[in-house]
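The values are calculated or read from the model by the stated rules, or taken from the named source; none is laboratory data. Keep in mind it's a predicted model, so treat the numbers as computed, not measured. For neighbour counting, all protein chains shown are included, and Cβ atoms are generated from backbone atoms with ideal geometry for every residue, glycine included.
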Amino acid sequence: MVSLINFWELMEESAGTTGEIFGDKKIAASKRIFKTTASAAPPRSILRKKPSFIWLLSLIIEVLTEKRKDRVCYLTDRRVKFYYNDSRFMFKKFLFLLVAAALLFGAYVGREVFTPQSEEAKLVYFSVVAGQSAEAIANNLKQQNLIRSPLVFKIYASLIGAQTKFLVGEHRLSADMNIKEMIKIMTDGSALHQEKKITIIEGWNLKDVANYLEKQHLVSREEFLAAVKTDNWRSQYEFLREVKADDLEGFLFPDTYRVFAKTTAQEIIKKLLDNFDHKLSPEMKEELQKQNKNIFEIIILASIIEREVLSDEDKRLAADVFWKRLALGMGLQSDATINFITGKKDIRPSAIDLQVDSPYNTYKYRGLPPGPIGNPGFKAIAAALYPKHNDYYFFLTDKDGRTIFAKTYQQHQENIKKYLE
């Protein structure tokens with residue numbers, strides 16, 4: 001491991017000189033010492049004598065622990081004197097330490113690659129999006145407590161050439177998988193082949209979602225409706241603590257999702273609720289506090305706006321109209337709430353429908369209905385939270401989907417005759 005510049009000197013045996021006793025053999029210490037240079041070879045008499053393994057091992061240990069330039073070492077039947085070239089010795093000692101450090105780091109990497117984060121076998125969905133780097137994937141895995149070291153993940157992915165082979169989609173992983181297993185799942189597409197894409201439309205209510213999922217052969221209608229009870233989920237999401245309704249109407253966020261073909265109603269619902277929780281930003285929560293409103297009120301009104309108004313700009317105007325009517329104690333008089341009761345999709349409910357006795361009948365009962373009438377999209381939620389101030393108090397939606405606003409009741413009646421009759 002470390003070469004010596006001057007290895008050995010043989011002490012001449014001569015009678016009458018001072019010596020030392022090793023066993024039963026007397027070795028005389030010569031007064032003359034044969035010193036060699038870096039290019040000199042040991043005396044031929046030394047080369048004829050093969051040093052033992054123990055002797056060489058002792059010599060290596062002496063080199064690695066030596067701190068003096070000159071030291072006499074006694075060993076068996078030889079007296080050895082050596083010294084080092086400090087620069088070469090330190091360089092090779094550095095190399096030795098470097099190799100040792102590399103071996104230790106390699107052992108650490110191997111441990112991290114083949115040892116799972118924990119023994120928890122609960123499967124979770126992990127998303128890989130288009131253009132995402134191996135570093136971003138590693139950091140997300142760490143955030144979800146699926147791996148311990150993002151650095152080891154990146155190193156191993158690079159070593160096996162997988163850093164650019166991660167497939168876009170949602171993969172099913174668990175903390176009891178090691179890094180090697182996770183990379184294999186996310187690069188071979190085995191999990192993606194079992195996925196289906198579903199799209200939840202803005203404004204759909206729970207029955208609409210249940211019917212859709214059943215048609216997609218994912219879960220039965222009954223299974224889904226039984227799983228959307230608020231009490232099943234309230235403890236898992238902070239935003240549900242203010243919900244007074246029995247079910248999750250309004251909080252299943254409309255979007256496009258990838259789910260496994262062999263999934264459950266609970267897994268689908270969790271995915272939708274997670275998305276809602278993600279969309280509800282800290283800024284929106286802060287705005288709720290400023291307005292002294294709660295998320296349940298916002299979602300109720302947003303669900304009405306979603307079914308009443310088509311354009312994003314008109315949604316904000318309509319939101320202001322509704323908030324003003326509520327502040328004045330006026331009925332919301334929303335046709336969408338009547339359709340929610342009857343199950344119809346009429347642009348203008350009949351006189352009989354307007355008389356139905358239900359707390360959701362905003363023609364008959366003032367204030368907000370007891371719960372959302374559907375699941376609003378982000379634009380409707382934002383409109384309810386950030387309404388655009390205006391002077392209108394009435395509006396209607398014509399047969400072409402346009403929203404017609406009016407400042408007075410008389411103007412509103414004129415608009416009804418003009419656009420709906």
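When you check E170 against the structure, is it touching a helix residue (DSSP H, G or I) at 6+ places or on another chain (Cβ under 7 Å) and either of a type in the set (F, W, Y) or on the phi < 0 side of the Ramachandran plot (or both), yes or no? When the stated conditions are applied, E170 does not pass them.
For K344, indicate whether it is free of Cβ contacts under 8 Å to residues at least 12 places away in the same chain, within 30 Å of K407 (Cα to Cα) and charged (D, E, K, R). Against the criterion (free of Cβ contacts under 8 Å to residues at least 12 places away in the same chain, within 30 Å of K407 (Cα to Cα) and charged (D, E, K, R)), K344 qualifies. Within region 399-413, residues that are within 14 Å of L310 (Cβ to Cβ) have Cβ atoms under 6 Å from residues that are assigned to a strand (DSSP E or B) in these pairs: T403/F395; T403/T397; I404/L396; F405/F395, counting only partners at least 6 apart in sequence or on another chain. For the structure I just gave you, tell me whether F153 is closer than 28 Å to K262 by Cα, surrounded by 15 or more Cβ atoms within 10 Å (Cβ to Cβ) and of a type in the set (F, W, Y). When the stated conditions are applied, F153 does not pass them.
Only a single item in (1) without any contact (Cβ under 8 Å) to a residue 24 or more places away in the chain; (2) assigned to a helix (DSSP H, G or I); (3) β-branched (V, I, T); (4) surrounded by 15 or more Cβ atoms within 10 Å (Cβ to Cβ) is not met by I352, and it is number (4).
Could you tell me how many of the residues in region 128-150 are among the small types (G, A, S) and loosely packed, with under 13 Cβ neighbours inside 10 Å?
Filtering region 128-150 down to residues among the small types (G, A, S) leaves 130-131, 133-134, 136, 138, 149.
Still in the list and also loosely packed, with under 13 Cβ neighbours inside 10 Å: 130-131, 133.
Qualifying residue count, region 128-150: 3.
Got at least one residue in region 325-345 being assigned to a loop (DSSP other than H, G, I, E, B), out of contact with any Cys (no Cβ under 9 Å at 6 or more places or on another chain), loosely packed, with under 15 Cβ neighbours inside 10 Å and not assigned by TED's automatic domain parsing to the domain that holds P369? Within region 325-345, not a single residue is assigned to a loop (DSSP other than H, G, I, E, B), out of contact with any Cys (no Cβ under 9 Å at 6 or more places or on another chain), loosely packed, with under 15 Cβ neighbours inside 10 Å and not assigned by TED's automatic domain parsing to the domain that holds P369.
Considering only residues that are among the aliphatic types (A, V, I, L, M) and either part of a helix (DSSP H, G or I) or within 21 Å of G110 (Cβ to Cβ) (or both), which ones fall in region 161-189? Talk me through it step by step, then tell me what you get.
Quick first cut of region 161-189, residues among the aliphatic types (A, V, I, L, M) only: 162, 167-168, 173, 175, 177, 179, 182-183, 185-186.
Within region 161-189, A162, L173, A175, M177, I179, M182, I183, I185, M186 meet the criteria.
Scanning region 268-292 for residues that are among the charged types (D, E, K, R) and either free of Cβ contacts under 8 Å to residues at least 40 places away in the same chain or touching a Ser or Thr at 6+ places or on another chain (Cβ under 7 Å) (or both) yields K270, D274, E283, K285, E286, K290.
Residues in region 388-397 that are in contact (Cβ under 8 Å) with a residue 40 or more places away in the chain and part of a loop (DSSP other than H, G, I, E, B): K388, H389, N390, Y392, Y393. A single member of S158, S87 is exposed (fewer than 13 other Cβ atoms within 10 Å of the Cβ), at pLDDT 85 or above and in a helix (DSSP H, G or I), and it is S158.
Restricting region 363-405 to residues that are surrounded by fewer than 19 Cβ atoms within 10 Å (Cβ to Cβ) and among the small types (G, A, S), the residue that is farthest from L288 (Cα to Cα) is G401.
Residue count for region 274-312 satisfying the condition of being under 23 Å from the mean Cα position of the chain (by Cα) and surrounded by fewer than 20 Cβ atoms within 10 Å (Cβ to Cβ): 10.
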